[in-house]
Amino acid sequence: MSSLIQPVRGMNDVLVEETPVWQLVERMAADLLSAYGYQEMRVPVVENTQLFKRAIGEFTDVVEKEMYTFTDAGGESLTLRPEATAGMVRAAISNGLLRGARLKVWCIGPMFRHEKPQKGRYRQFHQVDVEAIGFAGPDVDIELIALTARLWQKLGIERVTLQINSLGTADSRRDYRALLQDYFRAQFDVLDADSRRRLEGNPLRILDSKNPDLQALIAGAPLLTEHLDVESAAHFAALRRGLDALGIPYAVNPRLVRGLDYYSRTVFEWTTDALGSQDAVCSGGRYDGLISQLGGDATPAIGFAMGVERIVELVRQAGSTPAPPLPDVYVIAQGDAGVQAALVAAERLRHELPDRVVHVNLGGGNFKAQFRRADKSGASYALILGDDEIARGVAGWKSLRDDDAQRELPLADLARQVETALAARAERVN
Ligand code: ATP
Ligand code: MG
């Protein structure tokens, strides 16, 4: 007895009923990014483990607990990407794309994190990832956020709100970090194991803890926004003025530090109240130090990632799910000659009427069964090819949506006559 092979926990199949929403989200994102001057770049799903450790930071949930790391047959430690920025930046460096150049690039694809699977949180999930490399901002920060706001508008997503914060520069964070360490050290007994470990390694991470028992302590911690260096404060003020000028509402959240280590200055996050506790739909920020940290020339940059599963769910809730296109014509055939004539007629229609959707009955069946399938397909018309029709050089033409009598179309002039009938019907229906 062979037993069933189970799917991997936290990794989902996207079934045919769901793909139209996915395609809508993907298409809208791609079109919008292109309109803002971003180009698609494709990078591997697997990278050297060291890339993520260096880019994301050792004291993060992602690196400490969530990475799918394995040793390949050649003995190399590789990791399924948990996020895309590291790989995008690595690609820009490896391909010599930087050197003072400015890049506006994006990618889409699966990410992998070994988290506890629940609604909205999976082990394989998808992100649209956007990076603007070589721009110091704040103009690009403002435009990137405007782009995300426009995407929500286009997708009909309303229940999202924007939070922003500034993390200052790595230098200004050093003083703040010491302050924070003093604060948390004084409360060492209250800290959980993760936070104790992070206290020395990276105390800012504690602010990002999701442990409910720590929230009161975190709420009392000193604020980074009050310890910003002068230039970062000016950058942040300009960001706020820009968002105001564009009429994009936001809240400043001084606790927003983001889960990954590489951010500096601007960070932002879009959250929703429509998805329960998995409320983050899009987040990002500036990472001016990352590229030099990975061995490239020092280059300012900003980027963000959005979670496709969560956006798909919001679009579904908003009811903006597109219906798949229904066939215009369903070709029905009887007999060997009929089956062949049906395939020939369908290919001719597809060639001459490329915007029309033509389905052919496959797998035989008597006329009654084929008409049933034609009706179920949602097609407007059935085109019928039996021995008798073929012998006379015609095809039967029957409306599946109203009581019009069946008539015949000459095969020699099929495409033109089909188009005329479809256009006349569209006129009647609209
Ligand atoms: P969260 O707070 O939900 O764990 P995060 O801060 O870890 O999110 P990022 O690393 O910033 O998330 O990733 C960007 C986006 O990717 C998130 O806003 C979210 O929409 C999505 N995302 C992150 N992790 C998952 C996951 N495990 N399953 C589904 N979507 C996810
Ligand atoms: Mg997370």
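The values are calculated or read from the model by the stated rules, or taken from the named source; none is laboratory data. Predicted model, so just to flag it, every value in this text is computed and none were measured. Virtual Cβ from ideal backbone geometry, glycine too; neighbours counted across all protein chains shown. SASA here: full protein model, heavy atoms, side chains in, ligands and nucleic acids out. Shrake-Rupley method; radii C 1.70, N 1.55, O 1.52, S 1.80 Å.
Observations on the structure shown:
- Selection within the range 225-246 - open to solvent by 60 Å² or more (accessible area, probe 1.4 Å) and modelled with pLDDT under 95: 226, 227, 230, 231
- Qualifying position, being modelled with pLDDT under 95, small (Gly, Ala, Ser) and within 16 Å of ligand 1 (Cβ to nearest atom), among 274, 323: 274
- Residue match in the range 91-112 (condition: surrounded by fewer than 21 Cβ atoms within 10 Å (Cβ to Cβ), out of contact with any helix residue (DSSP H, G or I) (no Cβ under 9 Å at 6 or more places or on another chain), under 30 Å from residue 321 (Cα atoms) and small (Gly, Ala, Ser)): yes
- Number of residues in the range 126-152 that are within 20 Å of residue 275 (Cα to Cα) and modelled with pLDDT under 95 equals 0.
- Here 13, 31 are screened, and the one residue that is open to solvent by 80 Å² or more (accessible area, probe 1.4 Å), within 14 Å of the chain's Cα centre (by Cα) and of a type outside the set (Ser, Thr, Tyr) is 31.
- Taking the listed residues 222, 249, the one that is part of a loop (DSSP other than H, G, I, E, B), free of Cβ contacts under 8 Å to residues at least 60 places away in the same chain and surrounded by fewer than 20 Cβ atoms within 10 Å (Cβ to Cβ) is 222, with no other qualifying.
- Conditions (1) away from ligand 1 (no atom under 14 Å from the Cβ); (2) basic (Lys, Arg); (3) out of contact with any helix residue (DSSP H, G or I) (no Cβ under 6 Å at 6 or more places or on another chain); (4) not assigned by TED's automatic domain parsing to the domain that holds residue 235: number failed by residue 150: (4)
- Test: residue in the range 116-125 that is over 18 Å from the mean Cα position of the chain (by Cα), part of a loop (DSSP other than H, G, I, E, B), on the phi > 0 side of the Ramachandran plot and at pLDDT 95 or above: no
- Single condition residue 320 does not satisfy, out of (1) polar (S, T, N, Q); (2) more than 30 Å from residue 152 (Cα to Cα); (3) touching a residue at least 60 places away in the same chain (Cβ under 8 Å): (2)
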